[in-house]
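Working notes for the structure below.
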Amino acid sequence: MSFRSAVITFPGSNCDRDMADALEKVSGTAPHRVWHGDADLPSGLDFIALPGGFSYGDYLRSGAMAARSPVMQSVVAAANRGVPVLGVCNGFQVLTESGLLPGALLRNACITFVCREVGLRVENSQSLFTAGYAQGQEIVIPVAHHDGNYFADDATLDRLEGDGRVAFRYTEEVNGSARQIAGVLNAAGNVLGMMPHPERMIEPEQGGTDGRALFESAVKGLVGA
């Protein structure tokens, strides 16, 4: 059974090819490439990815304009049907702006662009995306963002913590994110947003393979590959 995935490209996306390459190398099947102006997604998708970049030049707020692209209505509908959706970096911003995830991504506390490898701890190893990791496992994944400071009110943060919806947490200070949160899940567990870039750590030639398990987890969980 093949793995049917799609990578959405917005004006200003710059990690869409990286994401497509990671999905193809792990699943063996090239993903559909979908332009933001397409109102409809390919039928029968198993997985949707929103890549990193600077959609619409980050005007207004990062991800705000992309969240209102024609394709996002279909992405939201698919997510609400249970189709897994992964948003990385700018994709995480789009997920919060579209209402699929709570909270917001603010300007980094240091007011500078952060581009380096960072330590992460796996806080929930029971999701579709993280089942390939051990609970509490520490991994290294690169970040590259200017607006990665995750913010939510205390009640929302408490709910995320209590429901096990914090997927990844920074092991070091990176951008000022509340409670060092690096990635969160929706209530149903089929939507994950994270600022670090797992697609940039799937082969030894990239400097490490700590991101590969995320894609392998999804493929195995969805098609048993």
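The values are calculated or read from the model by the stated rules, or taken from the named source; none is laboratory data. Small disclaimer: the values here were computed from a predicted structure and weren't measured. Here the Cβ positions follow ideal geometry from the backbone for every residue, glycine too, while neighbour counts run over all protein chains shown. Heavy atoms of the whole protein, side chains included, go into the accessibility calculation; ligands, DNA and RNA do not. Shrake-Rupley method; radii C 1.70, N 1.55, O 1.52, S 1.80 Å.
Structure data summary
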{"read-out": "Condition check for Ile8: open to solvent by less than 60 Å² (accessible area, probe 1.4 Å), touching a residue at least 60 places away in the same chain (Cβ under 8 Å) and outside any loop (DSSP other than H, G, I, E, B)", "value": "yes"}
{"read-out": "Verdict on Ala182 being open to solvent by 30 Å² or more (accessible area, probe 1.4 Å), of a type outside the set (Lys, Arg) and closer than 21 Å to Gly63 by Cβ", "value": "no"}
{"read-out": "Only one of Ala218, Ala187 that is assigned to a helix (DSSP H, G or I) and in contact (Cβ under 8 Å) with a residue 12 or more places away in the chain", "value": "Ala218"}
{"read-out": "Residue that is of a type in the set (Val, Ile, Thr) and under 10 Å from Gly193 (Cβ atoms), where the choices are Val118, Val94", "value": "Val94"}
{"read-out": "Index of the failed condition, Ala152 passing every other in (1) under 20 Å from Gly52 (Cβ atoms); (2) at pLDDT 95 or above", "value": "(1)"}
{"read-out": "So Phe129, is it crowded, with 24+ Cβ neighbours inside 10 Å, among the aromatic types (Phe, Trp, Tyr) and assigned to a loop (DSSP other than H, G, I, E, B)", "value": "yes"}
{"read-out": "Test for Ala22: is it under 20 Å from Gly221 (Cβ atoms), touching a residue at least 24 places away in the same chain (Cβ under 8 Å), buried (at least 19 other Cβ atoms within 10 Å of the Cβ) and within 15 Å of the chain's Cα centre (by Cα)", "value": "yes"}
{"read-out": "Tally, over the range 33-58, of residues that are assigned to a loop (DSSP other than H, G, I, E, B) and either surrounded by 21 or more Cβ atoms within 10 Å (Cβ to Cβ) or in contact with a strand residue (DSSP E or B) (Cβ under 8 Å, 6 or more places away or on another chain) (or both)", "value": "8"}
{"read-out": "Top-ranked residue in the range 59-75 [being touching a helix residue (DSSP H, G or I) at 6+ places or on another chain (Cβ under 9 Å) and open to solvent by 10 Å² or more (accessible area, probe 1.4 Å); ranked as nearest to Met194 (Cα to Cα)]", "value": "Ser62"}
{"read-out": "Pairs, first on the phi > 0 side of the Ramachandran plot in the range 144-172, second at pLDDT 95 or above and open to solvent by 20 Å² or more (accessible area, probe 1.4 Å), C-beta under 7 Å, six or more apart", "value": "Gly164/Asn124"}
{"read-out": "Tally of residues being open to solvent by less than 50 Å² (accessible area, probe 1.4 Å) and under 25 Å from Ala79 (Cα atoms) across the range 203-225", "value": "8"}
